[in-house]
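To start, the structure under review is shown below, and the notes come after it.
The values are calculated or read from the model by the stated rules, or taken from the named source; none is laboratory data. Keep in mind that this is a model prediction, so the values were computed, not measured. No Cβ is skipped: glycine too gets one built from the backbone with ideal geometry, and neighbour counts run over all protein chains shown.
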Amino acid sequence: MPKSEKNKEEKPIKEEKLQENLEKEINKNSKIEDLEDINKTQESFEIDTNSKYFEMENKYLRLLAEMENTRKRLQKEKQETVSFAIENTISDFLNIFDNFENALGFASSSNDEVKNWAKGFEMILTQFRDILHSHGIVAFHSEGNIFDPHFHEAVEIIETNDYPDGSIMQEFSKGYKSKNRTIRAAKVKVARNIIEKKDEEKDEKSIETQNKEDKDENLVQENKS
């Protein structure tokens, strides 16, 4: 076979091989790109899954916290309602309790028979005090303190300078309070200081005198003119 014809046949073969190699390279690169796309898709899916998981977890934790807060609030409201009802019921017995104490106060000056009866009633009175303490209700002292409308009810006001203004001179009935509120205000006598009128009268007289002197001086000047 002539050399020129052989070269002609080899050229198409080489071109076909080059084409095949080129296609293989392209396929290889496309596979790599596809693999990279798959990896990116997988990473994106994992990130999205993780973010959704954390979001769900946060929602779950917030829901638990809200439920716990609601439970505590309802429990507190229930306790306050029960305490309020108990305190109102006990307040109805405080006047009887006062009368009981006052009656036993006179027993010390009575005969032996009455004193023996009084001892039994004192035991009942002690039990009643224990009930008050068990519910957090205590009596508070008022005499000598300054009047406070949150704790005291003024049933008498005395004008005097022997006591500080607004001080409590006498306690007619005890006041009782719990941890949260006043169960019954104490009934008290309150001092109110007398305003000194003498100094005011002196000031008024001095002003009148000064005005009179000014008028006289003006008249003298008018007569001279």
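Below are the figures for this structure:
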| read-out | value |
| --- | --- |
| Test for His150: is it surrounded by fewer than 15 Cβ atoms within 10 Å (Cβ to Cβ) and in contact with a Ser or Thr (Cβ under 9 Å, 6 or more places away or on another chain) | yes |
| Filtered residue count, the range 81-94, keeping only those that are among the hydrophobic types (A, V, I, L, M, F, W, C) and not in a helix (DSSP H, G or I) | 1 |
| Conditions (1) closer than 30 Å to Ser178 by Cα; (2) among the aromatic types (Phe, Trp, Tyr); (3) modelled with pLDDT under 75; number of the one not met by Phe45 | (1) |
| Subset of the range 172-199 that is part of a strand (DSSP E or B) and in contact (Cβ under 8 Å) with a residue 60 or more places away in the chain - its residue that is nearest to the chain's Cα centre (by Cα) | Ile183 |
| Residue that is farthest from the chain's Cα centre (by Cα), among those in the range 57-109 that are at pLDDT 85 or above and of a type in the set (Lys, Arg) | Arg62 |
| Boolean, Ala185 is at pLDDT 90 or above, of a type in the set (A, V, I, L, M) and in contact with an Asp or Glu (Cβ under 7 Å, 6 or more places away or on another chain) | yes |
| Flag for Arg129 being basic (Lys, Arg) and touching a Leu at 6+ places or on another chain (Cβ under 9 Å) | no |
| Glu66 more than 25 Å from Lys187 (Cβ to Cβ) and either outside the structural domain of Lys177 (by TED's automatic domain parsing) or surrounded by 10 or more Cβ atoms within 10 Å (Cβ to Cβ) (or both) | yes |
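Residue-by-condition table, conditions (1) free of Cβ contacts under 8 Å to residues at least 12 places away in the same chain; (2) surrounded by 11 or more Cβ atoms within 10 Å (Cβ to Cβ); (3) among the hydroxyl-bearing types (Ser, Thr, Tyr); (4) in a helix (DSSP H, G or I):
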{"residue": "Ile96", "(1), (2), (3), (4)": "yes, no, no, yes"}
{"residue": "Lys115", "(1), (2), (3), (4)": "yes, yes, no, yes"}
{"residue": "Leu132", "(1), (2), (3), (4)": "no, yes, no, yes"}
{"residue": "Ala139", "(1), (2), (3), (4)": "no, yes, no, no"}
{"residue": "Gln170", "(1), (2), (3), (4)": "no, yes, no, no"}
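Rundown of residues vs (1) surrounded by 14 or more Cβ atoms within 10 Å (Cβ to Cβ); (2) at pLDDT 90 or above; (3) not acidic (Asp, Glu), yes/no style:
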{"residue": "Val190", "(1), (2), (3)": "yes, yes, yes"}
{"residue": "Glu200", "(1), (2), (3)": "no, no, no"}
{"residue": "Thr209", "(1), (2), (3)": "no, no, yes"}
{"residue": "Glu222", "(1), (2), (3)": "no, no, no"}
